[in-house]
Amino acid sequence: MSLFSKIFGTKDNSKRQEYVHYVLSDSKNVYYLKKMKKTIVMFPDRINTNAHAEAKTKHVYTKKFRSLFEFWKYITKSKKWYVEYQAGTIENLEKHIEILAPFIVQATNKLRREMEFSEKEIYSIAGWDNLLFRYKDKSELVLKESQKLKAYCANCGSERLGFIQRYPKSICHECLPKVTDKNGRSVEFFNSHIGGYGCQGYYSETNQQEKYELDVCYIDDKEFVAEEARFGGIVINLKEKP
Ligand SMILES: [Zn+2]
């Protein structure tokens, strides 16, 4: 296969990509959400194998709302609303951040409490929370709301100290000593290298002499995975369901 057909495909030699984005606008206390679809078609140029792109934006629909609360109810209708509506794909959200902030906090806290999102989806949820952090200097209200963002322990469900955005499915300090191997024998994990890198398990009270070679670990019937945390240390996350 030539490089040309690898990039552009062999069928019609063009490559099509679709992006959906939204525009929120308002006029006289009525709010409108426009759904737009942008299609970009890449056409290969036969002469020098460069490509040129043609973009078309199509208006799909407009929804009308009498309040931002109605708008919020609409976009959070489905269970995976944060995947369907990514914060970054809705234009002008920041204009209404003061009214939306409490709704966002309530909704993402609920997601973290229920813990039904995948690891990949953590970033979509964080995108919504980040709106509050980005505009917290805009007003006292947004700042106050951003401080209400919460995370919960993936084992005991208790509220975590501080907002743990990157690891919303990790366990709390109190639950760490409950971690065991499959047979119920206590294990603990440490960074394997100085500087906070790597992750190595040991059976507890063996002075780090008896290694535990897996990263999967357990609390009762729940499965967890130990890994090196981004800024050093160890984090123990609920294991992703296949
Ligand atoms: Zn806990």
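Things to note:
Conditions tested, residue by residue: (1) within 16 Å of the ligand (Cβ to nearest atom); (2) closer than 28 Å to N29 by Cα; (3) aliphatic (A, V, I, L, M).
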residue	(1), (2), (3)
K73	no, yes, no
V83	no, yes, yes
A87	no, yes, yes
N92	no, yes, no
P102	no, yes, no
A107	no, yes, yes
Y167	yes, no, no
T180	yes, no, no
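- Answer from G162, G127 - the residue that is at positive phi and either free of Cβ contacts under 8 Å to residues at least 24 places away in the same chain or more than 16 Å from the ligand (Cβ to nearest atom) (or both): G162
- Residues of the stretch 200-233 that are closer than 17 Å to H173 by Cβ and either loosely packed, with under 12 Cβ neighbours inside 10 Å or touching a Gly at 6+ places or on another chain (Cβ under 9 Å) (or both): C217, A226, A229, F231, G232, G233.
- Every condition in (1) under 30 Å from E94 (Cβ atoms); (2) basic (K, R); (3) in contact with a strand residue (DSSP E or B) (Cβ under 7 Å, 6 or more places away or on another chain); (4) free of Cβ contacts under 8 Å to residues at least 24 places away in the same chain is met by K211 except one, and the failing one is (1).
- Boolean, Y82 is surrounded by 13 or more Cβ atoms within 10 Å (Cβ to Cβ), part of a helix (DSSP H, G or I) and either free of Cβ contacts under 8 Å to residues at least 60 places away in the same chain or within 26 Å of the chain's Cα centre (by Cα) (or both): yes
A quick yes/no check of all residues on (1) within 14 Å of the ligand (Cβ to nearest atom); (2) in the same structural domain as E223 (by TED's automatic domain parsing); (3) crowded, with 17+ Cβ neighbours inside 10 Å:
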| site | (1), (2), (3) |
| --- | --- |
| E140 | no, no, no |
| L143 | no, no, no |
| S158 | yes, no, no |
| R185 | no, yes, no |
| H193 | no, yes, no |
| G198 | no, yes, no |
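Every residue, every condition in (1) among the β-branched types (V, I, T); (2) modelled with pLDDT of 95 or more, yes or no:
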site	(1), (2)
A151	no, yes
G195	no, no
T206	yes, yes
Y212	no, yes
E223	no, yes
G233	no, no
I236	yes, yes
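- Residue among I125, I164 that alone is modelled with pLDDT under 95 and surrounded by 15 or more Cβ atoms within 10 Å (Cβ to Cβ): I164
- Against the list (1) more than 19 Å from the chain's Cα centre (by Cα); (2) assigned to a loop (DSSP other than H, G, I, E, B), the condition E240 fails is (1).
- Filtered residues of the stretch 145-156 (kept if within 16 Å of the ligand (Cβ to nearest atom) and crowded, with 18+ Cβ neighbours inside 10 Å): A151, Y152, C153, A154, N155
The values are calculated or read from the model by the stated rules, or taken from the named source; none is laboratory data. These figures come from a predicted structure and were not determined experimentally. Note: ideal-geometry Cβ built from the backbone for every residue, glycine included; neighbour counts use all protein chains shown.
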